[in-house]
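The values are calculated or read from the model by the stated rules, or taken from the named source; none is laboratory data. Computed from a prediction, not measured in an experiment: that's the story for all the values here. Quick reminder, even Gly has a Cβ in these numbers, built from the backbone with ideal geometry, and neighbours come from all protein chains shown.
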Amino acid sequence: MSPLTEDESQILLAIARRSLEAAILQQSPPNLKGCSGKLAEHRGAFVTLRRHGELRGCIGHVEPDEPLVQTVAGCAASAALCDPRFPPVSRAELPHINIEISVLSPLTDIAPAGIEVGVHGLMISTGLRRGLLLPQVPVEWGWNREEFLEQTCAKAGLPLNAWRRGARIQAFTTEIIAESDDASAMSTHTAETHSSSGQ
């Protein structure tokens, strides 16, 4: 899939910011009508919130069953209010919250040897249990490939070695759009897209 244009990236980040504010301030959500092109494509996405560099919320939607703008708007609001690991973001925190959007490529099966730390995100599943970690997570924690696999199993509530014992391993790449530190500007970075045999 081709990357978002600069204009599309700015629109998507503005929608995430407006959705975040609307959720916290109990205002009407942004109008998403009229979005076209790649913004209207059905894509999975995650929205990550950080305060002074520390994680403050992260919610995503893997299945590409809604237009990208709707997915991002919903995830931004949910990351602010519904991440069970954190209390809801307060009005006073709003000026200090930075937004990062990860637009997902389709999931593809991959062999463990084909996983590239820093390039691939992972989803590991067995039955109804599944866990997902974004490509930036193992980089932030300094994990190697095996630790990345183990921690994705842990996220699914599976034994750490489930990836060796028949659990399904799927990979994806992301296109990352992030606000600057002062939340008044935007920079984009597109993760290199790879396809591997068995991915």
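Would a scan of the range 20-35 turn up a residue that is of a type outside the set (A, V, I, L, M, F, W, C), touching a residue at least 40 places away in the same chain (Cβ under 8 Å), more than 24 Å from residue 172 (Cβ to Cβ) and assigned to a loop (DSSP other than H, G, I, E, B)? Yes: one or more hits.
Among the residues of the range 135-145, the ones that are in contact (Cβ under 8 Å) with a residue 24 or more places away in the chain and assigned to a helix (DSSP H, G or I) come to 2 in all.
This table checks each residue for (1) modelled with pLDDT of 95 or more; (2) over 24 Å from residue 107 (Cβ atoms); (3) under 14 Å from the mean Cα position of the chain (by Cα).
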site	(1), (2), (3)
4	no, no, no
21	yes, yes, no
30	no, yes, no
37	no, no, no
48	yes, no, yes
57	yes, no, yes
73	yes, no, yes
83	yes, no, yes
89	yes, yes, no
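Any idea which of (1) on the phi < 0 side of the Ramachandran plot; (2) surrounded by fewer than 20 Cβ atoms within 10 Å (Cβ to Cβ) is the one residue 9 doesn't satisfy? Answer for residue 9: the failing condition is (2). Given the condition crowded, with 22+ Cβ neighbours inside 10 Å, modelled with pLDDT under 95 and assigned to a loop (DSSP other than H, G, I, E, B), answer yes or no: does some residue in the range 120-134 qualify? Looking through the range 120-134, at least one residue is crowded, with 22+ Cβ neighbours inside 10 Å, modelled with pLDDT under 95 and assigned to a loop (DSSP other than H, G, I, E, B). Note on the range 173-199: residues that are at pLDDT 50 or above and either loosely packed, with under 12 Cβ neighbours inside 10 Å or over 12 Å from residue 101 (Cβ atoms) (or both) amount to 4. Can you find even one residue in the range 52-60 that is touching a Gly at 6+ places or on another chain (Cβ under 7 Å) and more than 26 Å from residue 6 (Cα to Cα)? Checking the range 52-60: not a single residue is touching a Gly at 6+ places or on another chain (Cβ under 7 Å) and more than 26 Å from residue 6 (Cα to Cα). Determine, yes or no, whether residue 7 is out of contact with any Cys (no Cβ under 6 Å at 6 or more places or on another chain), closer than 27 Å to residue 141 by Cα and either assigned to a helix (DSSP H, G or I) or not β-branched (Val, Ile, Thr) (or both). Criteria not met by residue 7. For the range 24-48, filtered to residues that are touching a Pro at 6+ places or on another chain (Cβ under 8 Å) and not basic (Lys, Arg), the residue that is farthest from residue 5 (Cα to Cα) is 24. Residue count for the range 149-167 satisfying the condition of being under 18 Å from the mean Cα position of the chain (by Cα) and assigned to a loop (DSSP other than H, G, I, E, B): 1.
Condition check: at pLDDT below 95 and either of a type in the set (S, T, N, Q) or assigned to a loop (DSSP other than H, G, I, E, B) (or both). Does residue 170 satisfy that? Answer is no for this residue.
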